[in-house]
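A.B. asks: Sharing a structure below in structure tokens format, with a few things to ask.
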Amino acid sequence: MPTAVDTGQSLNLYGLLSKQLGLGESARLYARAFAAHGIGVTLHDIPLATPHARMQWEVPGCSVDQPLRDADLVCVNPDIWSAVKPLIPARPELRLASWFWELETLPRAWFDAVGDFDGIVVATDFVGNAVRESCGARVHKVGLPLYVGPDSGLQREAFGLREDAFVFLVSFDFFSSMSRKNPLASIAAFLRAFGNTPADVQLVIKTGHGEQNHVAFQMLLAAAGKDPRILVRNGPLAAAHWGALQRCCDCYVSLHRAEGFGLGMAECMARGKPVIATGWSGNLEFQDADSALLVEHRMVQVGRGDYSGGEGLRWADPSVDDAAAKMRWVYEHRTEAQALAERGRAKVAKVLSPAAVALQMRAALGGALA
């Protein structure tokens, strides 16, 4: 691997680096891309108690805890900022935040945090528009870098998948809201697409933290229990094993109601898998009709209690009929589906390139001080 050219820019990156959650993974991805492309990075794992599982972590090319640098990138959302703020040193010359949000308007409770930062880093135009239009904060677009390396080598048998089956994969964490991730729609679409036959299809739903979200988990199990071809796999999975499961599937499905980004979709596209996804929100940063099967939808009000901070806002309601038709098409037209998947692979390789992301961050560091 070539040595990164030192750009003279550096930052302290604060995040939930030891936690298995999306904000932790985005922080790790950013750190890896920055360090590999000439931005000095000192990592600081925020010692905040959360219900998420802990993990072993290491980011090549980064120092840990010391020395402190002249700029901060704080990779936590405002809903926990008040708890995090006392845990990190005084504000340096420049402090940026990395925020993710899934709806068109930020929660009003987030607005007070804006004054603590010189700008907000966003991974997608969708999130950027929400931040800019909600509170007028200065926004810096820095796409989320994508790394897809070798997996653990596990084969289908390890996941309970049949060798002769066409496998659809759905994934989500219960702490990210089952209502938002909408796996029940994927189950309904699968059943509508395939009925009682053929036998050579499977739907595997990889979940996290189901045991800590008992009611929602039981609802999912009840829906999945209608068909033996539907499997639920709950629990932590090492990154290399998660990559193996992605490799073992034939198509990834996300009938989300809203996404700030959609890392699972991007990873599967990078692995050359066709992706069926709701045609709305942050995933359109790296998906279009030429690179993914975008599902029709209508916009509806977020239900009471369905999503914290979503009251009075709207999100997508993807069409189960259209999703079912697309699942059936992928199953029956595998050559055409693979051609689409290859276009998807090329799309994410271009849009989510770590080198391009590092350039965007260098511009953000320079522009924020201008």
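Every number here is computed from the coordinates shown, using simple stated rules; none is lab data. If you're wondering where the values come from, they're calculated on a predicted model, not measured in any experiment. Note that we place each Cβ from the backbone using ideal geometry, even for glycine, and neighbour counts take in every protein chain shown.
A.B. asks: Given the pairs Lys206/Lys326; Lys226/Lys326; Lys226/Lys350; Lys181/Lys326; Lys181/Lys350, which are separated by over 30 angstrom at their Cα positions?
C.D. replies: Lys226/Lys350
A.B. asks: Assuming 0.692 mPa s and 37 °C, estimate D for the chain with Stokes-Einstein, Rh taken as the Kirkwood radius over Cα pairs, in µm²/s.
C.D. replies: 155 µm²/s
A.B. asks: For the chain, what is the mean residue ellipticity at 222 nm derived from helices alone (per DSSP H run of n ≥ 4: -39500 (n - 2.57); sum divided by total residues; nearest 500 deg cm²/dmol)? Provide the component values of the computation, followed by the final result.
C.D. replies: Details: 11 runs with 124 residues, N = 370.
Result for the chain, helices only: -10000 deg cm²/dmol.
A.B. asks: Among Glu259, Glu285, which comes first, second and so on when ranked by fewest other beta-carbon atoms within 10 Å?
C.D. replies: Glu285, Glu259
A.B. asks: May I pose another question? Restricting to DSSP loop positions (anything but H, G, I, E, B) with no more than 16 other Cβ atoms inside 10 Å of their own Cβ, which GluC sites (Glu not before Pro) remain in region 129-180? Mind showing how you got there, number by number?
C.D. replies: Numbers: sites: Glu133, Glu157, Glu163; in loops: Glu163.
Answer in residue order: Glu163.
A.B. asks: Hey, another quick one. Using the Cβ atoms and a cut-off under 12 Å, what net charge is assigned to the surroundings of Leu106, where Lys and Arg are +1 and Asp and Glu are -1?
C.D. replies: Numbers: positive: Arg108, Arg132; negative: Asp79, Glu102, Glu104, Asp112, Glu133.
Residues close to Leu106 contribute a combined charge of -3.
A.B. asks: Continuing with the same structure: Could you tell me which residue out of Leu284, Val204, Gly344 lies farthest along the dipole of the chain toward its positive end? Charges go on the beta carbon: Lys and Arg +1, Asp and Glu -1, centred on the Cα centre.
C.D. replies: It is Val204, whose Cα lies furthest towards the positive end.
A.B. asks: Work through the residues other than Val122 whose Cβ is under 15 Å from its Cβ and net out their charges, Lys, Arg +1 and Asp, Glu -1.
C.D. replies: For residues surrounding Val122, the net value is -4.
A.B. asks: Quick one: compute a quarter of the convex hull surface over the Cα atoms of region 156-351 and quote it in nm².
C.D. replies: 10.4 nm²
A.B. asks: Select from region 66-116 those GluC sites (Glu not before Pro) which occupy a DSSP coil region and have at most 15 other Cβ atoms within 10 Å, ordered by residue number.
C.D. replies: Answer in residue order: Glu93.
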